1. Can you tell me how many residues in the stretch 233-253 are open to solvent by 40 Å² or more (accessible area, probe 1.4 Å) and over 17 Å from ALA130 (Cα atoms)?
2. Suppose we keep only residues that are buried (at least 17 other Cβ atoms within 10 Å of the Cβ) and aliphatic (A, V, I, L, M) within the stretch 254-274. Which one would you say is nearest to ARG126 (Cα to Cα)?
3. In the stretch 103-162, what residues are of a type in the set (Asp, Glu) and in contact with a helix residue (DSSP H, G or I) (Cβ under 7 Å, 6 or more places away or on another chain)?
4. Any idea which of VAL153, VAL160 is within 30 Å of ALA258 (Cβ to Cβ), out of contact with any Gly (no Cβ under 8 Å at 6 or more places or on another chain) and either of a type in the set (Val, Ile, Thr) or open to solvent by less than 10 Å² (accessible area, probe 1.4 Å) (or both)?
5. Give the stretch 101-117 a look and list any residue that's of a type outside the set (D, E, K, R), touching a residue at least 24 places away in the same chain (Cβ under 8 Å) and open to solvent by 40 Å² or more (accessible area, probe 1.4 Å), or say none.
6. Does the stretch 305-318 include one or more residues that are modelled with pLDDT under 95, of a type outside the set (D, E, K, R) and part of a loop (DSSP other than H, G, I, E, B)?
7. For the stretch 118-125, state whether one or more residues are modelled with pLDDT of 95 or more, open to solvent by less than 20 Å² (accessible area, probe 1.4 Å) and not in a strand (DSSP E or B).
8. Within the stretch 291-302, is even one residue out of contact with any Pro (no Cβ under 7 Å at 6 or more places or on another chain), at pLDDT 95 or above, of a type in the set (D, E, K, R) and open to solvent by less than 80 Å² (accessible area, probe 1.4 Å)?
Amino acid sequence: MKLQQQVRDLLGPTDPARNTVVAPPPLTAHDVILRAESTIPSSPVPSHRRVNRRTLVAGAAATMTVLASAGLASALRDRTPPTPTPVDGTVLEPVAYEIATDTEPAAPHLRALAARIVDAPYDRARGRYAYHRVTSWGGVVQESPEGHVASYVEERRSWVTDDGRRWSERRTLDVEYPDEASRDYWTKHLPRVVDPSPGRPSAQGGPVEEPRDPDNPRLPTDRAELARQLRTDLRAGEVARAVYDTYARLLVPRGTRADILTVLAAKPGFVWRGRVVDRAGRPGLAVTADLTPPADRPQNPQKAQMLLVFDPSTGALLAHEYVELAPQRRVLYYGLLRDTGRTDTLG
């Protein structure tokens, strides 16, 4: 099952980019195919499968798909995906859990963490802008007709004023793959059209102001309202995604961090995973929530799991991961909250 369908099944009617119009690629399909034919070996390339309205022709054996994943839809709406290039990269392994078997409900552990958290460095900081630096993988996906996947690691920095004005800046860091077969495929078949240097800034040339959100989302001070904002009426997996969205876009104070942990403790479906180390090498405490295939789509056997990693001292979210469990175990998306704070400097 294609990754875009997996994410759509996860988001359902809450998909924030279901009406997104994907910008056209910098070259026409015909031009890219001509370049591909002149650069790749003469060995036959497998034929295409039918693709849906969110796929773009990116080469003789590739499609590019923009996924509305983990709250980054707004960052992807106005950008053209990177031009594909065959680059060696990391094959991802899911974050290892301390408690992989004999698990127990997360509720008592989350309540205990909520009761003992301390101030984060930004809790007493001052500055005009709330600042975030988030690293993610899985938002812009290249997928072959056979399902081989490659995606760019992206770093996004954002600055937000109290009245809701927002600036952002992105850069591409690397290419990573969910499995060895995907890395082997893209290394052999992806036409070298442009060779972007890893770490280069995005084409926007510095922080760019985003369109103002008319709702100007804010964190509720009432726990019941916070629970509604975190979509606790949905499955635990959707709640986990909403928690990540909240931390990736807003500065969450200590009291609200405790409330979020308490709200999660009251939601059935979260499993305690104990101590983990996230992809940035930071120790944390983890919970997971399983996702099962939609009842109305029995032909899709995919099972998945959402992971949240919390700072053991401040209770702040450090990382989020979306992992396919079956038919194979592989990472579909991850996000790392690298820096959060306040600053008077834009850029």
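The values are calculated or read from the model by the stated rules, or taken from the named source; none is laboratory data. Please read these numbers as outputs of a predicted model, since none were measured by experiment. Note that each Cβ is placed from the backbone with ideal geometry, even for glycine, and that neighbours are counted across all protein chains shown. The area values use the complete protein model at the heavy-atom level, side chains included, leaving out ligands, DNA and RNA. Shrake-Rupley method; radii C 1.70, N 1.55, O 1.52, S 1.80 Å.
1. 3
2. Within the stretch 254-274, the match that is nearest to ARG126 (Cα to Cα) is ALA258.
3. To start, the set of residues in the stretch 103-162 that are of a type in the set (Asp, Glu) comprises 104, 119, 123, 143, 146, 154-155, 162.
The answer is ASP119, ASP123, GLU143.
4. On the way: VAL153 fails: within 30 Å of ALA258 (Cβ to Cβ).
Checking each option against the conditions leaves just VAL160.
5. The initial filter retains those residues of the stretch 101-117 that are of a type outside the set (D, E, K, R), namely 101, 103, 105-110, 112-115, 117.
This time we only want the ones that are touching a residue at least 24 places away in the same chain (Cβ under 8 Å), so: 103, 105-110, 113-115, 117.
Within the stretch 101-117, THR103, PRO105, PRO108, HIS109, ALA115 qualify.
6. No - not one qualifying residue is present in the stretch 305-318.
7. Checking the stretch 118-125: at least one residue is modelled with pLDDT of 95 or more, open to solvent by less than 20 Å² (accessible area, probe 1.4 Å) and not in a strand (DSSP E or B).
8. Initially, the stretch 291-302 is screened for residues out of contact with any Pro (no Cβ under 7 Å at 6 or more places or on another chain), giving 291-292, 294-299.
Keeping just the survivors that are at pLDDT 95 or above gives none.
Looking through the stretch 291-302, none of the residues is out of contact with any Pro (no Cβ under 7 Å at 6 or more places or on another chain), at pLDDT 95 or above, of a type in the set (D, E, K, R) and open to solvent by less than 80 Å² (accessible area, probe 1.4 Å).
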